[in-house]
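Q: Pasting in a structure now, in structure tokens, and then I'll have a few things to ask.
The values are calculated or read from the model by the stated rules, or taken from the named source; none is laboratory data. Note that the structure is a prediction, hence the values are computed from the model and not measured. Backbone-built Cβ (ideal geometry, glycine too); neighbour counts: all protein chains shown. Please note that ligands, DNA and RNA were not included when accessible areas were found on the heavy atoms of the full protein model with its side chains. Shrake-Rupley method; radii C 1.70, N 1.55, O 1.52, S 1.80 Å.
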Amino acid sequence: MHHAPAVSFPLGRSRFLAVLLFAVWLTGTSVVALWCAQQAHFGWRQGLGVVALVVGALLALRWWRLQREGVLHWDGESWQACFVGLTVTGRVSVHLDLQRQLWLRLYSSAPASDHWLWLERDANPHAWRDLRRAVYSRASDVIADASTARTPP
């Protein structure tokens, strides 16, 4: 069985992600604006829609600004994200794959310390294929299963 190669990939804020979040928010704003324009009067439901847009925009902006700079490492057996002053080890799962962008969640063994990571091919085009191989590799699951498997008597 072949294992995915060791790889390191840079982490940080993404301009593409900012544009994507803005496009989603703009679409929602357009829908709410059209909905409000079709109503005879501006009621509490429309007000709630506007509040949801504002809260959504603030949460998306906050989440984007909290994206940390660092490096994601795969050593062939485990994942490690190294940020300034913080190193997190765990396993990753893919939540969105756009071929040139990946949205991953790094699950840590420490409670409440999972990290959402947005990675883009443009950050390191030479390591992109190795990163994708590692993300989709089941090597860590196979190793974990083998270490916990019982030998027959």
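Q: What is the calculated FRET efficiency for residue 103 to residue 127, with r their C-beta to C-beta distance and R₀ = 25 Å, to the nearest 0.05? Kindly include the intermediate steps, with their values, before the conclusion.
A: Working: r = 18 Å, r/R0 = 0.71.
In this case the efficiency is close to 0.90.
Q: Give me the one-decimal nm value for the distance between modelled label points at residue 82 and residue 29, 7 Å along each residue's Cα-to-Cβ direction.
A: 4.0
Q: Related question: Compute the convex hull volume of the Cα atoms of the range 16-87, divide it by the residue count, and report the result per residue in Å³ as a whole number.
A: About 115 Å³ per residue, rounded to a whole number.
Q: So what is the calculated 222 nm ellipticity per residue for the chain, using -39500 (n - 2.57) for each DSSP H run with n of 4 or more, over all residues, to the nearest 500 deg cm²/dmol?
A: Mean residue ellipticity, 222 nm, calculated: -14000 deg cm²/dmol.
Q: Using a 1.4 Å probe on the protein heavy atoms, what percent of the accessible area of the chain belongs to carbon and sulfur?
A: Answer for the chain is 60 percent, counting heavy atoms of protein chains only.
Q: Calculate, for the chain, the solvent-accessible area per residue in square angstrom, rolling a 1.4 angstrom probe over the heavy atoms of the protein chains. Could the numbers behind the result be given before it?
A: Numbers: 10360 Å² over 153 residues.
Solvent-accessible surface per residue comes out at 68 Å².
Q: Using per-residue counts of other Cβ atoms within 10 Å, averaged over each peptide, order 66-79, 31-44, 95-108 from highest down.
A: 66-79, 95-108, 31-44
Q: Ok, one more. In the chain, which helices (entire DSSP H runs) extend 30 Å or more along their own long axis, judged by Cα positions, while averaging at least 1.0 on the Kyte-Doolittle scale? Let's see the in-between values first.
A: On the way: long enough: 15-38 (34 Å, 1.61); 44-65 (31 Å, 0.92).
Taking the DSSP H segments of the chain (at least 30 Å long, mean hydropathy at least 1.0), we get 15-38.
Q: Report the gain in length on full extension from residue 69 to residue 16: 0.36 nm times residue separation, minus Cα-Cα distance, nm rounded to one decimal.
A: Values: separation 53, 0.36 × 53 = 19.08 nm, distance 1.56 nm.
Gain in length upon complete extension: 17.5 nm.
Q: Now for a separate question. Per 0.36 nm of contour for each residue apart, how much would the distance between residue 89 and residue 39 grow if the chain were fully extended, relative to their Cα-Cα spacing?
A: On the way: separation 50, 0.36 × 50 = 18.00 nm, distance 5.20 nm.
Contour length minus the Cα-Cα distance gives 12.8 nm.
Q: Considering all projection directions equally, how large on average is the shadow of the alpha-carbon convex hull of the range 1-51, in square nanometres?
A: Reported value for the Cα convex hull: 6.9 nm².
Q: Ok, one more. Under 8 Å for C-alpha pairs, at least 6 residues apart: give me the relative contact order for the chain, rounded to a whole percent.
A: 29
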